[in-house]
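Working notes, beginning with the structure itself.
Every read-out reported here was derived from the displayed coordinates using simple, explicitly stated rules and does not represent laboratory data. Model, not experiment: these values are computed from the prediction. Backbone-built Cβ (ideal geometry, glycine too); neighbour counts: all protein chains shown.
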Amino acid sequence: MIRADLTLVPDPAADLGEDVATPPRRSARTGRTSAKAPETQVFSPPAAVPTWARASGRADEDPLFAAGASLALLDAHLRRDPPAAGALCARLALQSATASAKILRLNTHEGALRDLRFAVGDAGLAATLLQLWRDLAARPPSLDPSRLAAAAARLDLAVDPNGLASRLKAYVGQGDPISAAGKSAALVFSAFPDAPAAEAEILALWAFDLALATRLRWPRPLPLIATRILEPSLRSGGRGPPRPGEPTWPKAAAGAIALAAASALDLAADLSRRSEILLAVAPKLRAKPAAKIVDLMLSQDCVSPAEAARHAPMSDRAARRLFDRLVALGAAREFSGRPSFRLYGL
C-alpha cells in the first residue's frame, strides 16, 4: 500500500508474488470502551487532470507535457496516503495483465483474470501474467539481476541478468524520467532478438514501469504503461501498436503514460469515494472481525468470502453474510455476477 512517504507496505506473501501489499491501515473497528466510534479521516478525491493538460492523441500535441502533468497529480494523490491506494495498485495490475493477454492473443478477459488470483497450482500463462504485474507492484523498484531474471523466466525468456541490469542502471539516469523509462524498455526489448516479440514486449513494458518508479523514487512501482499502450490513438500510419525501439516509440510511450496516469487518477477518484462510504459504514458492522475485512478490501482489487474468512478469522457463511450486508449498504460491489464463489470489492 502506498503510504504518506509513498511507501507500499508489503503483505508477508508479497515476496512470493501471491498478493499486492496489505498494509496496516487506519482501523475501521468500533471502540468497545468508548460511547463513540472513532472518527474517520476524510480524504477528498484526487484532482482531475484539466482538459487542457490531457492527452488527446492529436499529432501536434506534446505528449511529454501531458504525461508530466498527469504524473505530478497522481504522485501528489499517492503521497496523501489515500485509504484505497492498495486497491488502486491491485486494479492497475489487473488491467496491465489484461492488456498483456491481448498482446499475447490469449482468449481471456479481465473477469477471468480476476478469478485467477484465487487459482491453486499452475493456472497457465494468463495467471502468470497477473502474477508478473502484481509482483512488480509488491516490491521496491530494484534493478537487481535476480529480479530481472525472475521476471524474464515467467515469460520463458532467457537473459544475461547481470549484463542487462548493468546497462539498465545507466539508461535509467538519462534524460527526463519518461524518456529514460522509454529507453530502458527499448533496451530490454532489444535484448531478445531471437525470442517471440510479444513476450519480449511485455517484459519491456514491465521494465518501463520499473525504470519510471526508480527515477521518480517511488518505493513501489505502479503498473501504468501497459494499461494504455494498445490505444488506437497511439498507432501511426495504420500500423499496429508501437513497439519499444521503433522510431515512433518515444512519442507513443509518452502518450501512453499521459493516458495511463490520467486514467489512474480517474480510477483513484472513484475508489476514494467508494472507500469513504466503506469506512463510514464500518462502525455499523456488528461482526468483530469486520475491521480486518474492511482493511483487506481497501488493499485489494477484490476479495472472496473464503479469503476474508481466513484473514478475519470467521466462518465462510459469516463472511458471505457480511459482504451481503456491505453490498446492501452501498459500501461494496459484487464483481463476478455468479451465485457462488462471488468476489467483492470497492
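Entry note: region 172-247 has Rg to Rh equal to 0.97, where both radii use alpha-carbon atoms and Rh is the Kirkwood radius. Straight-distance candidates among the lysines for linking to K251, with alpha-carbon spacing under 21 Å and chain neighbours fewer than 8 residues away dropped: K183.
Across all directions, the average projected area of the convex hull around the alpha carbons of region 124-277 is 9.9 nm². Here the gap between R217 and R321, fully extended at 0.36 nm per residue and compared with their Cα-Cα distance, gives a gain of 33.2 nm. Note on K292: lysines with a C-alpha under 22 Å away, same-chain residues under 8 apart excluded, are K36, K284. Remark: the Cα gyration tensor places region 276-341 in the rounded category, a/c being less than 1.5.
Each other residue within a Cβ distance under 11 Å of A152 adds +1 if Lys or Arg and -1 if Asp or Glu, for a net charge of -1.
In this calculation the C-beta distance from A280 to D144 is compared with R0 = 56 Å, giving a FRET efficiency of 0.85. Potential lengthening of the chain between S236 and H311 amounts to 22.1 nm, from the contour at 0.36 nm per residue minus the alpha-carbon distance. Taking every alpha-carbon pair under 8 Å whose residues sit at least 6 apart, region 231-346 reaches a relative contact order of 21 percent. Length gained on full extension, V120 to R167, computed as 0.36 nm times the residue gap minus the Cα-Cα distance: 13.2 nm. Over all other residues within a Cβ to Cβ distance under 14 Å of L329, the charged ones net out to +3, with Lys and Arg as +1 and Asp and Glu as -1. What separates the Cα centres of region 263-281 and region 157-188 is a distance of 35 Å.
Of the peptides 83-89, 245-251, the ranking by mean beta-carbon count within 10 Å, highest at the top, reads 83-89, 245-251.
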